[in-house]
Number of protein chains: 2
Amino acid sequence: MNHLVDARKLKRPVPQALLDELKALFGDRCSTTLAMREHHGRDESSYDPMLPDAVVFAHSTEEVAAFVKLCSQYDTPIIPYGAGTSLEGHVLALQGGVTVDLSQMNQVLAVHAEDLTATVQAGVTRKQLNQEIKDTGLFFPIDPGADASLGGMASTRASGTNAVRYGTMKENTLTLTVVTAQGEIIKTGTRAKKSSAGYDLTRVYVGSEGTLGIITEVTVRLYPQPEAISAAICSFPTVADAVNTVIQTIQMGVPLARVELLDENGVRAINAHDKLSLPVNPLLLFEFHGSENGVKEQAELVQDIAKEFHALGFEWATRPEDRTRLWTARHNAYFALLQLRPGARAISTDCCVPISRLAECVLATKADCEEQGLTHAIIGHVGDGNFHVQMMVDPNDPADIARAEGVNQRMVARAIGMDGTCTGEHGVGLHKMDFLIQEHGEGAIAVMRAIKHALDPKNIMNPGKILRWEQ
Amino acid sequence: MNHLVDARKLKRPVPQALLDELKALFGDRCSTTLAMREHHGRDESSYDPMLPDAVVFAHSTEEVAAFVKLCSQYDTPIIPYGAGTSLEGHVLALQGGVTVDLSQMNQVLAVHAEDLTATVQAGVTRKQLNQEIKDTGLFFPIDPGADASLGGMASTRASGTNAVRYGTMKENTLTLTVVTAQGEIIKTGTRAKKSSAGYDLTRVYVGSEGTLGIITEVTVRLYPQPEAISAAICSFPTVADAVNTVIQTIQMGVPLARVELLDENGVRAINAHDKLSLPVNPLLLFEFHGSENGVKEQAELVQDIAKEFHALGFEWATRPEDRTRLWTARHNAYFALLQLRPGARAISTDCCVPISRLAECVLATKADCEEQGLTHAIIGHVGDGNFHVQMMVDPNDPADIARAEGVNQRMVARAIGMDGTCTGEHGVGLHKMDFLIQEHGEGAIAVMRAIKHALDPKNIMNPGKILRWEQ
């Protein structure tokens, strides 16, 4: 299934001389086997694989810099690769070239617990980081579901369930080490909590999806583990009631740590996959962080609001194992949903709107899925106005795929019409490029393109993603 | 007093033809009088004025765009001007040119209370915005002290007393309308709370100090007014005790709304200026926001920590008028300090370090001021690791100025050595340009320069600030 791109037209040849030099530099860590290329030519999107010509495994920033210098010399495309969990085709080798896999750059370089910061190599995953710092009493909150690498999360400006309270990678990245398209190593900032010292290079690279440089080290903010955590689930008769509960909670300034929506299809799927017996109704999962009293206050307030919107009962999960079970089910939703339609592949998309428009946007999108007869679910980080539609399609049925793409296009147009964005957290990759113009306008895209041309004049950094090189 | 720059060498001529066209376009709102040029050729820094050749007052984004197109046609420098409250020479017409004053663009364009956002023209000041939204139950927290314009605050990535809780302009700007150096009008984002849709143009322009484009509209986040606010002051025998109290409070994750340090000189100054009778000791001013219980919990925790560090008593200011009196005194500190040495001018500088290094950095800087025999005070937003040194110097005594500059240079080197930044919130302007290289390294500066060259190829946007055009 390759619904948007014909990569073969775009392929740039990779000279044997470059491959020879890479083999000399990386030895066994440079591979051109089909299996390795296939593994790196796909992500968790619905795109057919597009294979790089070779894959190298880097162990240090200096190796990445040497690698980039070589590729630049041969005008060869470079695709950075972390955990391969992206959803919009980010790591596909659209124009061929060499993939640099950073997963073996997996050292936690420094934990400054007293400053609430940690510095890691790009291949460290969020779970690994949290494992390594668990004795400090601190934690790293950003949680996009998948056990993504921190470099990948910075590159795609990832967020997820905790963002409503703790922000996204944009807010939680203090500084980066980046290898530029020229193979220079730079630091984009310092460990100071704030700075007015010139252009915000950290935010230039966060979310740039490997198109401007390669992030090799990330310094992130950590947070004290909350004194108290409690979680609750609450079913509603309609999606509208659930979403309106969230809207009012946010407007009242309740500092929710997480609030996730699953529509009735989502609930049905996780019931089956995780052997739960939740009522098959739209569901909100809440998590509260704070002092014992603070958590109690928040939860009472939310319970009162939920009642106004016809809540079908508020159920507590105070024991850690119950909380873990619920959040594991939520995180498995992607795979659980796939099992709603055996043999199907998922088209997963997201958008984000100002919170006051959330109910309207969710309901219209859901109605559209139903009209199109698509097996689907809506799940989302609704506290931020961000939600996902996952549509299970037959990969061999172009009409089915076209129906799903139609829903996606109309959802994005709807979100943009509400002064929202075509992607809250998945990123642009290949799948949202045209929507980017729709959202930002040609003038803003021209500014983005000017930045791309200035920082990557040979168009070797993950070429063909986010922006087209020419207008 | 003009301790770093000889502007006359850099002056670019402004053709009469341009002035004629500007008069035709702006009528009475284009001025070349000396008084008007003098008013716009200075800020609150210690630099001697550097006058623009003309000043225009814009009323709309479209007028700004037309103005930029004209100036671009004549390769003429443009200096955007808001409230004129910057501290590092940002608005000085280093190379001559035309200043565009945005203070009459002072309309609050939209308040979306239900989304917690407001969109304003760039000339709206923070106090004006808070006045206009006070009946919504919301407020805009960023408070750099001066009643700065929102456009100026975005341009300098301003923060101030509330940043420890609510973040800076970086976190609180959702989207901007910008006029590019080519005179195109762009929007940098949407009102969605988060987005992964391409390069983060909002953060490219926030903090770019008018060197990449002119911010004409700003959409900011608003917050529900807290249910309860309380403030307290606490004196300490030493600056070290005060700072260590803050460090421990932050490390414990107490969500302070504000925590300000004034050293004994700062206290002496505001006592005199605001007719207070605070003990002449290092002082912390705290503000707590939250629920009634939450505020009480926070305050009790902080009080316990302060006791460990020899606090000389914790005094509450629960009545709004007492709080206002204290915060007014804090905000007047700049002017109060000037009166410590009549006839003097202030050199005010700032830096920001990881919180664990704060005490060390403050104490070494204070010792340096004392060794140099400078009339000075240290005040700061210590919860962020950010502090200011204000030195009162004789504007006619080059040796005095050199002593102050020496303190500044050593403070910056110290902060950078601690993985901190040469400016936490004042910005670069003219005063911190050399430190920028020291902080970021030539490689990162080259990336900043590439962005500047790409977005402002004629070098007309506030030229000579932040970066030199050539290496």
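The values are calculated or read from the model by the stated rules, or taken from the named source; none is laboratory data. Note that the structure is predicted; figures quoted are calculated from it, not measured. Backbone-built Cβ (ideal geometry, glycine too); neighbour counts: all protein chains shown.
What to note about this one:
- Residue in the stretch A:245-252 that is away from chain B (no Cβ under 13 Å) and surrounded by fewer than 24 Cβ atoms within 10 Å (Cβ to Cβ) present: no
- Subset of the stretch B:421-450 (residues that are in contact (Cβ under 8 Å) with a residue 40 or more places away in the chain and over 23 Å from B:Met169 (Cβ atoms)): none
- Listed by position, the strands (runs of 3 or more DSSP E) inside the stretch B:24-132 whose residues that are hydrophobic (A, V, I, L, M, F, W, C) number at least 3 are B:54-57, B:108-112.
- A:Met418 being free of Cβ contacts under 8 Å to residues at least 40 places away in the same chain and surrounded by 18 or more Cβ atoms within 10 Å (Cβ to Cβ): no
- Subset of the stretch A:423-447 [crowded, with 21+ Cβ neighbours inside 10 Å and closer than 14 Å to B:Glu184 by Cα]: A:His440, A:Ala444, A:Ile445, A:Val447
- Restricting the stretch A:201-241 to residues that are of a type in the set (Asp, Glu) and within 26 Å of B:Gln251 (Cα to Cα), the residue that is nearest to the other protein chains (Cβ to nearest Cβ): A:Glu227
- Sub-6 Å Cβ pairs linking a first residue in the stretch B:38-54 that is of a type in the set (Ser, Thr, Tyr) and buried (at least 21 other Cβ atoms within 10 Å of the Cβ) to a second residue that is modelled with pLDDT of 90 or more and not in a loop (DSSP other than H, G, I, E, B), at least 6 apart or interchain, are B:Ser46/B:Arg345; B:Ser46/B:Ile347, ordered by first then second residue.
- Test: residue in the stretch B:263-274 that is closer than 18 Å to B:Thr375 by Cα, part of a strand (DSSP E or B) and away from chain A (no Cβ under 14 Å): no
- Checking the stated criteria, A:Leu278 turns out not to satisfy the condition of being outside any helix (DSSP H, G or I), outside the structural domain of A:Phe140 (by TED's automatic domain parsing), in contact with a strand residue (DSSP E or B) (Cβ under 8 Å, 6 or more places away or on another chain) and surrounded by 22 or more Cβ atoms within 10 Å (Cβ to Cβ).
- In the set (1) touching a strand residue (DSSP E or B) at 6+ places or on another chain (Cβ under 9 Å); (2) more than 20 Å from A:Phe139 (Cα to Cα); (3) surrounded by fewer than 24 Cβ atoms within 10 Å (Cβ to Cβ), the condition left unmet by A:Val179 is number (3).
- Selection within the stretch A:344-384: residues that are within 20 Å of the chain's Cα centre (by Cα) and hydroxyl-bearing (Ser, Thr, Tyr). The member of this set that is surrounded by the most Cβ atoms within 10 Å (Cβ to Cβ) is A:Thr349.
For every residue, the table says whether it meets (1) assigned to a loop (DSSP other than H, G, I, E, B); (2) hydroxyl-bearing (Ser, Thr, Tyr).
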site	(1), (2)
B:Ser348	no, yes
B:Glu360	no, no
B:Ala367	no, no
B:Ile378	no, no
B:Ala399	no, no
B:His426	yes, no
B:Gly429	yes, no
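- Of the criteria (1) within 11 Å of chain A (Cβ to nearest Cβ); (2) under 15 Å from the mean Cα position of the chain (by Cα), which one B:His388 fails: (1)
- The sole residue among B:Ala444, B:Ala404, B:Ala413 that is assigned to a helix (DSSP H, G or I) and either within 7 Å of chain A (Cβ to nearest Cβ) or over 30 Å from B:Asn281 (Cα atoms) (or both) is B:Ala444.
- Top-ranked residue in the stretch B:147-189 [being basic (Lys, Arg) and in contact (Cβ under 8 Å) with a residue 24 or more places away in the chain; ranked as nearest to the other protein chains (Cβ to nearest Cβ)]: B:Arg157
- Residues of the stretch A:213-243 satisfying the condition of being of a type in the set (Val, Ile, Thr) and closer than 30 Å to B:Ala450 by Cα: A:Ile214, A:Ile215, A:Thr216, A:Val218, A:Thr219, A:Val220
- Scan the stretch A:69-82 for residues that are surrounded by fewer than 24 Cβ atoms within 10 Å (Cβ to Cβ) and not hydroxyl-bearing (Ser, Thr, Tyr) and the total you get is 4.
- Between A:Thr349, A:Thr365, the distinction of being at pLDDT 95 or above and of a type in the set (Ser, Thr, Tyr) belongs to A:Thr365 only.
- Filter result (over 22 Å from B:Arg449 (Cβ atoms) and of a type outside the set (S, T, N, Q)) within the stretch A:445-468: A:Ile445, A:Pro463, A:Gly464, A:Lys465, A:Ile466, A:Arg468
- Hey, B:Arg341 surrounded by fewer than 20 Cβ atoms within 10 Å (Cβ to Cβ), in a helix (DSSP H, G or I) and away from chain A (no Cβ under 14 Å) or not: no
- For B:Gly313: the one exception among (1) crowded, with 16+ Cβ neighbours inside 10 Å; (2) touching a residue at least 24 places away in the same chain (Cβ under 8 Å): (1)
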